[in-house]
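Asker: Can you keep this structure in mind? I'll have questions shortly.
The values are calculated or read from the model by the stated rules, or taken from the named source; none is laboratory data. Nothing here was measured: the structure is a model prediction, and the numbers come from that model. With ideal geometry, Cβ positions are generated from the backbone for all residues, glycine too; neighbour counts draw on all protein chains shown.
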């Protein structure tokens with residue numbers, strides 16, 4: 001169960017408590033993700049574990065839970081950071097987040113993870 005934080009508005013009213021789920025930190029999962037081919041380019045080798053921050057509890061300087069990782073090539077990962085996630089993922093962001101969750105649930109099962117990633121196409125924002 002997450003921890004509750006009490007927030008008071010400037011007028012003195014108490015807002016509903018917000019519950020923060022603890023972030024998963026799983027080095028074994030991150031290494032496994034980095035061993036998979038790139039989700040976008042499908043190229044194997046020199047793949048990195050890339051966190052999806054937008055919509056997952058991460059933000060500037062805040063790494064989200066490791067359950068929101070996908071494999072990206074070095075070039076794609078650099079591009080994700082260079083242009084920002086909104087532009088990089090575009091319309092495919094919800095599917096990328098869904099894939100990240102599915103990869104987390106299937107961690108260690110390479111064949112299942114390759115099947116999960118099959119057919120993914122990144123939709124650039126316009």
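Asker: Residue 51: surrounded by 20 or more Cβ atoms within 10 Å (Cβ to Cβ) and either more than 14 Å from the chain's Cα centre (by Cα) or modelled with pLDDT under 95 (or both), yes or no?
Answerer: Numbers: surrounded by 20 or more Cβ atoms within 10 Å (Cβ to Cβ): yes; either more than 14 Å from the chain's Cα centre (by Cα) or modelled with pLDDT under 95 (or both): yes.
Spelling it out, residue 51 is indeed surrounded by 20 or more Cβ atoms within 10 Å (Cβ to Cβ) and either more than 14 Å from the chain's Cα centre (by Cα) or modelled with pLDDT under 95 (or both).
Asker: May I pose another question? Residues of segment 88-118 being assigned to a loop (DSSP other than H, G, I, E, B) and farther than 17 Å from residue 72 by Cβ, which ones? Explain how you work it out, then say what you get.
Answerer: Just the residues of segment 88-118 that are assigned to a loop (DSSP other than H, G, I, E, B), to begin with: 91-92, 106-109, 118.
Hits for segment 88-118 are 91, 106, 108, 109.
Asker: Can you tell me which residue within segment 110-123, out of those that are modelled with pLDDT under 95 and surrounded by 12 or more Cβ atoms within 10 Å (Cβ to Cβ), is farthest from residue 68 (Cα to Cα)? Step through it out loud before you land on a result.
Answerer: Our first condition is that a residue be modelled with pLDDT under 95; within segment 110-123, this holds for 118-123.
Then drop every residue that is not surrounded by 12 or more Cβ atoms within 10 Å (Cβ to Cβ), which leaves 120, 122-123.
On the way: 120: 16, 122: 16, 123: 18 Å.
Looking at residues that are modelled with pLDDT under 95 and surrounded by 12 or more Cβ atoms within 10 Å (Cβ to Cβ), I get 123.
Asker: Same structure, new question: If the Cβ limit is 7 Å and pairs must be 6+ apart or interchain, which residue in segment 112-124 that is more than 10 Å from residue 42 (Cβ to Cβ) pairs with which residue that is assigned to a helix (DSSP H, G or I) and modelled with pLDDT of 90 or more?
Answerer: 113/103; 116/99; 116/102; 116/103; 122/89
Asker: So if I check each of 37, 71, which one is at pLDDT 80 or above, within 11 Å of the chain's Cα centre (by Cα), surrounded by 15 or more Cβ atoms within 10 Å (Cβ to Cβ) and closer than 16 Å to residue 118 by Cα? Steps first, answer last, please.
Answerer: Values: 37 fails: within 11 Å of the chain's Cα centre (by Cα).
The conditions single out 71.
Asker: From the list 107, 56, which one is at pLDDT 90 or above and under 26 Å from residue 123 (Cβ atoms)? Don't jump to the end; show me each part of the working.
Answerer: Numbers: 56 fails: at pLDDT 90 or above.
Within the list 107, 56, the selection yields 107.
Asker: Still on this structure, I have one more. Which of the residues spanning segment 63-84 are in contact with a helix residue (DSSP H, G or I) (Cβ under 7 Å, 6 or more places away or on another chain), touching a residue at least 24 places away in the same chain (Cβ under 8 Å) and assigned to a helix (DSSP H, G or I)?
Answerer: Applying the first criterion (in contact with a helix residue (DSSP H, G or I) (Cβ under 7 Å, 6 or more places away or on another chain)) to segment 63-84 yields 66-72, 79-80.
Filter again for touching a residue at least 24 places away in the same chain (Cβ under 8 Å), leaving 66-72, 80.
Matches in segment 63-84: 66, 67, 68, 80.
Asker: Evaluate the following for residue 44: is it modelled with pLDDT under 95 and either surrounded by 12 or more Cβ atoms within 10 Å (Cβ to Cβ) or in contact with a strand residue (DSSP E or B) (Cβ under 7 Å, 6 or more places away or on another chain) (or both)?
Answerer: On the way: modelled with pLDDT under 95: yes; either surrounded by 12 or more Cβ atoms within 10 Å (Cβ to Cβ) or in contact with a strand residue (DSSP E or B) (Cβ under 7 Å, 6 or more places away or on another chain) (or both): yes.
Yes, satisfied.
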